[in-house]
Amino acid sequence: MIVKEVMKKPYAVDKDISLRDAAQIMSEHNIGSLLFIQKNKIKGILTERDLLKNFGQEENISAIMSKDIIGVDAEEDAMQALELMKEHKVKRLPVLEEGKLIGIVSLTDLAANLEEMEGNFFFE
């Protein structure tokens with residue numbers, strides 16, 4: 001199974017918005033992360049955890065988002081995505097095709113498809 005088969009639609013903003021606005025977008029779309037993109041490049045990712053840790057602060061997303069983004073190719077094997085998550089201690093990976101963002105895959109997305117994936121990632 002490849003990453004493209006389990007990824008979801010990414011939600012992204014192209015300007016530095018407030019944490020309140022980000023929380024509203026995430027709540028309205030029932031998503032756990034929001035990507036910040038400028039000039040077709042991923043500048044960072046904001047997660048629910050980032051919002052909770054910074055609750056009540058009057059910051060913009062650029063002040064608290066993770067900036068060292070690890071992405072995965074859309075055609076990569078899903079097990080490789082799990083390995084990347086494990087190695088980098090992240091729960092979400094932007095999915096890229098020819099260097100452009102086309103999706104996002106989470107640990108939950110992969111776990112939901114574990115039976116269809118080869119190997120025994122969690123029990124090695």
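The numbers here are math on the coordinates, done by the rules we state, and not lab data. What you are looking at is a predicted structure, and each value in this text was computed from that prediction instead of being measured. Heads up, the Cβs are rebuilt from the backbone with ideal geometry, glycines too, and the neighbour counts pull from every protein chain shown.
Scalar couplings 3J(HN,Hα) for segment 54-61, obtained by applying the Karplus form with A = 6.51, B = -1.76, C = 1.60 to θ = phi - 60°, are 10, 3, x, 7, 9, 9, 9, 4 Hz; x denotes Gly and Pro. Per residue, the Cα convex hull of segment 23-123 amounts to 115 Å³.
Can you spot the lysines whose alpha carbon is less than 16 Å from Lys43's alpha carbon? Ignore those fewer than 8 places along the same chain. Candidates past the 8-residue exclusion: Lys15, Lys67, Lys100. Computed from label points 7 Å out along Cα-Cβ, the spacing between Asp77 and Asn30 is 3.3 nm. Between Asn54 and Leu107, the modelled label-to-label distance comes to 2.1 nm, taking each label 7 Å out from Cα in the direction of the beta carbon.
Dipole size of the chain about its Cα centre, with +1 on Lys/Arg Cβ and -1 on Asp/Glu Cβ: approximately 620 debye, rounded to the nearest 20. Each residue of segment 18-33 is assigned a 3J(HN,Hα), and the resulting list reads 6, 4, 4, 5, 4, 4, 5, 4, 5, 5, 4, 9, 6, 10, x, 7 Hz, derived from the Karplus form 6.51 cos²θ - 1.76 cosθ + 1.60 (θ = phi - 60°), x at Gly and Pro.
Short-range pairs are left out: with C-alpha atoms under 8 Å and at least six residues apart, the relative contact order of the chain is 31 percent.
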